[in-house]
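Asker: This is the structure I have questions about; it appears just below.
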Amino acid sequence: MAALHTLWMGLALLGTLGILQTLAEAQVSPQPNFQQDQFLGRWFTSGFASNSSWLREKKEHLYVCKSLVVPMADGGLNFTNTFLRKDQCDTRTLLLQPAGMPGWYSYRSPRWGSTRAVWVVDTDYKDYALLYTSASRDLGQDTHMAFLYSRAQTPRAEVKEKFTTFAKAQGFTEDTIVFLPQTDKCLE
């Protein structure tokens, strides 16, 4: 009976930690007065920060990639990413569904079996956008990422500094922040 009580207490504690994590994530919010129509168009993924060891291990094989953002009829966004993979152009499409206030979306990742929350945290629409994503797959496998999108293939130094400051404010360390190298492939 004591073992059952301990199990239930452990589960209650994990539930509480999950609630606290959700509250902590609520500290990330979409840009006030986010204008989805101004966010549309071509972007380049110029940098990221991640707590995923898998992604950080693959960073030597990652390059700046192109993203095209178009509206969907339901108010969501079709986010199509084209990137270099094994010397060929590969494309992945994310269908971002509205998840609350403007600038907050979610999408289901069939590959990872998770639902991700996506926030457009800061953008000036013409130069840069800072996004934050969060997902829970299994117990203890939460993934958090920050992204730097820029309208130009090479973001200005001030924009890179802004991203670094943003990523560090989200708890990422210098060794988890990556600025992607240029390529001349898959960007047209």
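The values are calculated or read from the model by the stated rules, or taken from the named source; none is laboratory data. This one's a predicted model, so the numbers in the text were calculated from it and none came from an experiment. Reconstructed Cβ throughout: ideal geometry from the backbone, glycine too, with neighbour counts over all protein chains shown. SASA here: full protein model, heavy atoms, side chains in, ligands and nucleic acids out. Shrake-Rupley method; radii C 1.70, N 1.55, O 1.52, S 1.80 Å.
Asker: Where Lys and Arg each count +1 and Asp and Glu each count -1, what net charge lies around Leu95 among other residues with Cβ under 14 Å from its Cβ? Don't jump to the answer; show the numbers that get you there.
Answerer: Values: positive: Arg92, Arg108, Arg111, Arg116; negative: Asp74.
Taking every other residue near Leu95 into account, the sum is +3.
Asker: Just add up the charged neighbours of Thr80: K/R +1, D/E -1, any other residue whose Cβ is under 11 Å from the Cβ of Thr80.
Answerer: On the way: positive: Arg42, Lys66, Arg92; negative: none.
Counting the neighbours of Thr80, the net charge comes to +3.
Asker: Pull up the cross-link candidates among the aspartates and glutamates for Lys160, meaning alpha carbon to alpha carbon under 17 Å and not fewer than 8 places away within one chain.
Answerer: Cross-link targets: Asp122, Asp124, Asp127, Glu174, Asp175.
Asker: Give a quick list of chymotrypsin sites (Phe, Trp or Tyr not before Pro) in the range 107-182 that DSSP marks as loop, anything other than H, G, I, E or B, with at most 16 other Cβ atoms within 10 Å. Don't skip to the end; give the middle numbers.
Answerer: Details: sites: Tyr107, Trp112, Trp119, Tyr125, Tyr128, Tyr132, Phe147, Tyr149, Phe163, Phe166, Phe172, Phe179; in loops: Trp112, Tyr125, Phe172.
Hits after loop and neighbour filter: Trp112, Tyr125.
Asker: Now for a separate question. So which lysines can Lys162 reach, going by Cα to Cα under 28 Å and dropping same-chain residues fewer than 8 places off?
Answerer: Within the straight-line limit of under 28 Å, Lys162 reaches these lysines: Lys58, Lys59, Lys66, Lys126, Lys185.
Asker: Compute the Cα gyration tensor for the range 68-188, then decide on rounded, prolate or oblate, letting a ≥ b ≥ c be the square roots of its eigenvalues: rounded whenever a/c is under 1.5, prolate when a/b is larger than b/c in the other cases, and oblate in all that remain.
Answerer: Numbers: a/c = 1.27, a/b = 1.12, b/c = 1.13.
Rounded.
Asker: Between Glu57 and Asn33, what's the calculated FRET efficiency when r is the beta-carbon distance and R0 is 45 Å? Round to 0.05.
Answerer: Calculated transfer efficiency: 0.70.
Asker: Sort Trp43, Trp104 by accessible area with a 1.4 Å probe, largest first.
Answerer: Trp104, Trp43
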